[in-house]
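Participant: One structure follows; several queries about it will come next.
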Amino acid sequence: MQLPLELLLMACSAIAAPLTPRSATLLHLQGLTALSRDLSTTDIRFPEKYFHESINHPHYDGRFADSVLPRKTRLFHMRLLLRSYMATMERAGVRTWVMHGSLLGWWWNQGIFPWDSDLDFCVEETGIAELGAWWNMTVHSFSAADLGLEDPSKADTYVWDRRRRSKNRGQEEEVEVMREPEGLKSGVWETVMEEGKKYLLEVNPHYTDISTSDTHNVIDARWIDTHTGLFIDITTVHPVPSSASAKSQEKHQIFLGQDEGREERGSERAREMFTKDTHLYTTSSLFPLRESTLEGTRVFVPYAYEQLLLEEYGPQALTDTWFNSHMFEKERKEWTVALDAAGSNDKGRGDREDAAGRFKKGGKKPKWKSPKGEDGVKVEDNVDKTGEKAYTPVPGSG
């Protein structure tokens with residue numbers, strides 16, 4: 001949902017951090033990037049913009065990317081990007097969860113859309129403060145074993161190493177094995193197996209400015225693949241100031257029932273949260289986070305994920321099984337290429353690569369039910385016959 005006008009006016013009056021140009025130029029990254037020329041976009045009209053994207057594609061960092069990757073190769077690197085990011089956030093003690101187009105991809109089949117080329121995650125204010133104060137511009141190296149890649153000729157060694165590392169981290173489950181996928185660009189697998197991967201965590205210094213008027217710095221941090229230039233966008237959710245919250249009278253609160261092992265929240269009023277790109281949430285729509293998997297990696301998703309997706313993209317996003325020359329096969333739970341005999345898109349849609357571009361943002365808001373009974377109204381969710389919450393959504397069930 002979008003911020004009401006009163007809240008926008010209040011947020012714009014917040015104390016802003018000093019605006020400074022980007023400090024991490026190509027010169028500062030020598031030895032980390034293979035490029036000799038910065039391929040980032042520049043616009044002298046907006047000198048305050050910190051993050052710059054590649055001139056070749058908006059989902060690549062121009063300081064590291066010299067070309068756009070083929071789809072299967074890109075998805076392979078994105079899976080590694082996701083695995084490394086979640087491992088690092090766990091190490092840093094920062095709570096993070098999937099949002100926006102990445103959440104929509106997770107909803108369909110717990111995967112990344114085959115046409116997508118970036119990932120979206122959120123953190124809390126305490127999380128971005130931790131990253132900004134202690135982890136900014138840190139480089140993180142991962143071996144093939146760290147990322148769960150398996151060389152069939154060394155299978156026993158890799159399994160032993162994964163078990164050892166999982167035990168050391170206090171985890172019971174092993175890292176899911178990933179073997180060389182079909183269609184990968186020649187030499188990519190061998191390079192990663194031999195050299196591993198390096199990632200840069202870069203925090204936008206404007207993260208301390210929570211004003212929604214800072215439209216060129218809505219991304220607070222990025223997790224960047226230094227080899228390909230692919231990245232994860234990290235956005236912060238902020239508590240709405242009490243003075244602004246009092247002016248917002250929209251009836252969008254979600255009332256939760258009492259769950260086992262969690263304190264009763266049925267009568268608790270949900271607190272409003274917002275992001276600099278003017279999305280409005282409630283604490284009870286986001287928390288408690290649900291544990292799930294995305295591309296085989298352990299992740300967290302918002303509590304009321306379906307409601308959030310309906311608000312952002314509209315109901316069609318959860319029912320339309322055709323997009324971008326792809327068809328969703330429910331039995332296989334996969335998006336597969338579905339071209340007609342002429343090789344064109346059967347539905348006549350353009351070849352856009354952004355996951356959320358398929359639906360207009362700010363879709364029609366669902367009508368929330370009024371609270372009933374002592375526990376209030378529970379968030380609509382998939383529930384099995386035993387009454388247990390289902391953490392795997394049912395795609396295309398409109």
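Participant: I'd like the full set of residues that are free of Cβ contacts under 8 Å to residues at least 24 places away in the same chain and assigned to a loop (DSSP other than H, G, I, E, B), limited to the stretch 309-333.
Facilitator: Answer for the stretch 309-333, where residues must be free of Cβ contacts under 8 Å to residues at least 24 places away in the same chain and assigned to a loop (DSSP other than H, G, I, E, B): GLU331, ARG332.
Participant: So, one more: Which pairs turn up if I take residues in the stretch 107-126 that are in a strand (DSSP E or B) and look for partners that are aromatic (Phe, Trp, Tyr) with beta carbon separation below 7 Å, at least 6 apart in sequence or on another chain?
Facilitator: Hits for this filter: PHE121/TRP97; CYS122/TRP97.
Participant: How many residues are more than 22 Å from THR278 (Cβ to Cβ), in the same structural domain as ARG83 (by TED's automatic domain parsing) and either touching a Phe, Trp or Tyr at 6+ places or on another chain (Cβ under 8 Å) or at pLDDT below 95 (or both) if we restrict to the stretch 112-139?
Facilitator: Total meeting the criteria: 5.
Participant: Only one of these conditions is not met by VAL68: (1) buried (at least 21 other Cβ atoms within 10 Å of the Cβ); (2) closer than 13 Å to HIS227 by Cα. Which number is it?
Facilitator: (1)
Participant: Hey, can you tell me all the residues within the stretch 56-78 that are under 19 Å from THR25 (Cα atoms) and in a helix (DSSP H, G or I)?
Facilitator: Of everything in the stretch 56-78, nothing turns out to be under 19 Å from THR25 (Cα atoms) and in a helix (DSSP H, G or I).
Each row is one residue, and each column tells you yes or no for (1) in contact (Cβ under 8 Å) with a residue 60 or more places away in the chain; (2) on the phi > 0 side of the Ramachandran plot; (3) among the aromatic types (Phe, Trp, Tyr); (4) in a helix (DSSP H, G or I).
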residue: GLU194; (1), (2), (3), (4): no, no, no, yes
residue: LEU200; (1), (2), (3), (4): yes, no, no, no
residue: TYR207; (1), (2), (3), (4): yes, no, yes, yes
residue: SER211; (1), (2), (3), (4): yes, no, no, no
residue: ASN217; (1), (2), (3), (4): yes, no, no, no
residue: ARG222; (1), (2), (3), (4): yes, no, no, no
residue: THR228; (1), (2), (3), (4): yes, no, no, no
residue: PHE231; (1), (2), (3), (4): yes, no, yes, no
residue: HIS238; (1), (2), (3), (4): yes, no, no, no
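Participant: Among the residues of the stretch 74-97 satisfying the criterion of being among the small types (Gly, Ala, Ser) and more than 15 Å from the chain's Cα centre (by Cα), which is surrounded by the most Cβ atoms within 10 Å (Cβ to Cβ)?
Facilitator: Ranking the qualifying residues of the stretch 74-97, first place goes to ALA92.
Participant: Collect the residues in the stretch 27-50 that are assigned to a loop (DSSP other than H, G, I, E, B), closer than 21 Å to HIS140 by Cβ and touching a Phe, Trp or Tyr at 6+ places or on another chain (Cβ under 9 Å), keeping them in residue-number order.
Facilitator: Passing the criteria: LEU32, ALA34, LEU35.
Participant: Residue by residue through the stretch 121-143, note down the ones that are crowded, with 21+ Cβ neighbours inside 10 Å and either of a type in the set (A, V, I, L, M, F, W, C) or touching a helix residue (DSSP H, G or I) at 6+ places or on another chain (Cβ under 7 Å) (or both).
Facilitator: Scanning the stretch 121-143 gives PHE121, CYS122, VAL123, ILE128, LEU131.
Participant: Checking the conditions here, which among SER54, SER67, SER102 is assigned by TED's automatic domain parsing to the domain that holds LEU35, within 23 Å of MET327 (Cα to Cα) and among the hydroxyl-bearing types (Ser, Thr, Tyr)?
Facilitator: SER102
Participant: Among the candidates SER54, SER36, single out the residue that is at pLDDT 80 or above and under 28 Å from GLY105 (Cα atoms).
Facilitator: That would be SER54, the only listed residue that is at pLDDT 80 or above and under 28 Å from GLY105 (Cα atoms).
The values are calculated or read from the model by the stated rules, or taken from the named source; none is laboratory data. All of these numbers come straight from a predicted model, not from anything done at the bench. Glycine gets a Cβ as well: all are built from the backbone with ideal geometry, and neighbour counts include every protein chain shown.
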